[in-house]
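Asker: Input: one structure, supplied below.
Laboratory data are not the source of any read-out in this text; all were calculated from the coordinates shown. What you are looking at is a predicted structure, and each value in this text was computed from that prediction instead of being measured. For neighbour counting, all protein chains shown are included, and Cβ atoms are generated from backbone atoms with ideal geometry for every residue, glycine included.
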Amino acid sequence: MGVSQLGAESDWRRANTASLQATFSTENGYQLFFEDAQQKQSNQAMAIRRFIQQGVDYIVVAPATEVGWDNVLGEAKSAGIPVILIDRRINVKDATLYSCWIGSDFRLEGDKVTSWLEQYMKRNDIKASDIHIFDLQGSLGASAQLGRTEGLTKAAVRNHWDIVDMADGDFTEAKGYEVTARTLHNHPETNVIYSENDNMALGALKAIRESGRKPGLNLAAGEVMVLSFDGVSKDAMQYLINGEIACIGECYPMYGSNVRAAIELLEDGKTPDKESYVNEGLYSADSTITQVTAGGKDYPVTIITQDWLDNRDLNPLADNE
Ligand code: GYE
């Protein structure tokens, strides 16, 4: 097996890697070649070419960005090696360049989090003109960024929300801190930060405190509300319980067993579903919003407590179907 992981930029990514490594272990009968591309698609193309030379039976790719995959996946196809995509999507002319894709519905994640904000505003009598949102974006061109940003921009149009700025925080804490500090300085009216992952949210919290303001849900008192995605980092979940992050759209990282199931089907000469989504929820410690609506469907909000967090088991071998 050759696994081309895009990087190690976040807690989500590290959990995703742990799940793949635990599943495709020597004890489980696999020989795994694992390569970390350090967030560069060009490194992924090199890794895939090495896997082809090594003569692996399967290639798993967690792609950094959506575009630029036609050539290298064409080479894998010519070599007769099935490619399984996980997490983010790719944009290729020929869909037969990969066997299947397993990942999250990032637009739906964005719709759930913005629906939470809509409901929170309604319940607390916050007018559209009272909020000024900064979109702290993930690595530009990554599906997780595209879908989550789209969720926000669609909700902003619908609700007449003001988006003061959008900037690339590259899904990292350091970059998230840097661009949030700049935005709070240039747009002091900012009072909602829509952080497209938890690690950037941790950076944003630091920038908020340093600016002399307080992260929290009480906009009338001048607090800055942070909304986020993933729900993997224990620190981020703790901030959620403490009321410094308002809501987190879950993004599920443990795909190892789902990928294994797809490979077992291929081994049996069967065809796995071309696309499959993992199940995801929404987390908040505020107990007033219990349900959100996205894409015409209702989703429950998981109200988390310290007990819940202390007992949570993020097992790298867990299953999510
Ligand atoms: O949300 C973020 C990461 O593509 C789902 O990438 C992934 C995203 C995840 O680094 O933390």
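Asker: Only bridges whose two residues both fall in the chain count here: according to DSSP, what percent of them are antiparallel, nearest 5?
Answerer: On the way: 6 of 42 bridges.
Expressed as a percentage, antiparallel bridges in the chain total about 15.
Asker: Oh, and also: With θ set to phi - 60°, apply the Karplus curve 6.51 cos²θ - 1.76 cosθ + 1.60 along the stretch 235-245 and write out the HN-Hα couplings as whole Hz, x wherever there is a Gly or Pro.
Answerer: Result, ordered by residue: 4, 4, 5, 5, 5, 5, 5, 6, x, 8, 10 Hz.
Asker: In addition: Under 23 Å between C-alpha atoms is the cut-off here; go through the chain and count lysine pairs that meet it, provided they're at least eight residues apart or on different chains.
Answerer: Lysine pair count for the chain: 24.
Asker: Further question on the same structure: Please report HIS187, HIS132 as a ranked list, fewest other C-beta atoms within 10 angstrom at the top and most at the bottom. Don't jump to the answer; show the numbers that get you there.
Answerer: Numbers: HIS187 14, HIS132 18.
The fewest-first ordering by Cβ neighbours comes to HIS187, HIS132.
Asker: A further question on this structure: Where Rh is the Kirkwood radius over the Cα pairs of the stretch 25-116, the temperature 4 °C and the viscosity 1.567 mPa s, what D in µm²/s does Stokes-Einstein return?
Answerer: 90 µm²/s
Asker: Return a whole-number percent for the relative contact order of the stretch 170-321, with Cα pairs under 8 Å and 6 or more residues apart as the contact set.
Answerer: Working: 259 pairs, mean separation 27.2, N = 152.
Result for the stretch 170-321 is 18 percent.
Asker: Per 10 Å bin, what percent of the C-alpha pairs of the stretch 131-266 does each bin hold, from zero upward?
Answerer: Bins of 10 Å from zero give 13, 43, 30, 8, 5, 1 percent of pairs.
Asker: Another question about this same structure. Step through the residues of the stretch 64-75 one at a time and calculate ³J(HN,Hα) from phi using the Karplus curve (6.51 cos²θ - 1.76 cosθ + 1.60, θ = phi - 60°), rounding each to whole Hz and writing x for Gly and Pro.
Answerer: 5, 10, 7, 9, x, 9, 4, 5, 5, 6, x, 5
Asker: I've got another one for you. Hey, what do the phi angles of the stretch 44-51 turn into as Karplus ³J(HN,Hα) couplings, whole Hz, using 6.51/-1.76/1.60 and θ = phi - 60°, x for Gly and Pro?
Answerer: With the stated coefficients, the stretch 44-51 comes to 5, 4, 5, 4, 5, 5, 5, 4 Hz.
Asker: Can I ask one more? So what's the net charge close to GLY29: Lys and Arg +1, Asp and Glu -1, counting the other residues with Cβ under 13 Å from its Cβ? The partial results should precede the final answer.
Answerer: Numbers: positive: ARG260; negative: GLU27, ASP57, GLU264, GLU267.
Result for the neighbourhood of GLY29: -3.
Asker: Moving on to the next point. So how do 231-241, 168-178, 195-205 stack up, highest first, on mean other-Cβ count within 10 Å? Write down the numbers at each step before the final one.
Answerer: On the way: 231-241: 20.3, 168-178: 22.5, 195-205: 29.5.
Ranking the peptides 231-241, 168-178, 195-205 by packing returns 195-205, 168-178, 231-241.
Asker: Students often check this: by mean Cβ neighbours within 10 Å, which of 5-17, 88-100 ranks highest, and how do the rest follow?
Answerer: The packing order, highest mean first, is 5-17, 88-100.
Asker: Further question on the same structure: Restricting everything to alpha-carbon atoms, can you work out Rg to Rh for the chain with a Kirkwood hydrodynamic radius?
Answerer: Numbers: Rg = 20.1 Å, Rh = 20.2 Å.
We get a ratio of 0.99 for the chain.
Asker: I've got another one for you. Which angle between 0 and 90 degrees, to the nearest 10, do you get for helix 256-267 versus the longest principal axis of the chain when only C-alpha atoms count?
Answerer: 30 degrees
Asker: Now, a different point. Amide H of ASP165 versus every other amide H placed in the peptide plane: which residues, excluding those fewer than 5 positions away on the same chain, fall under 5 Å?
Answerer: The answer is ASP135.
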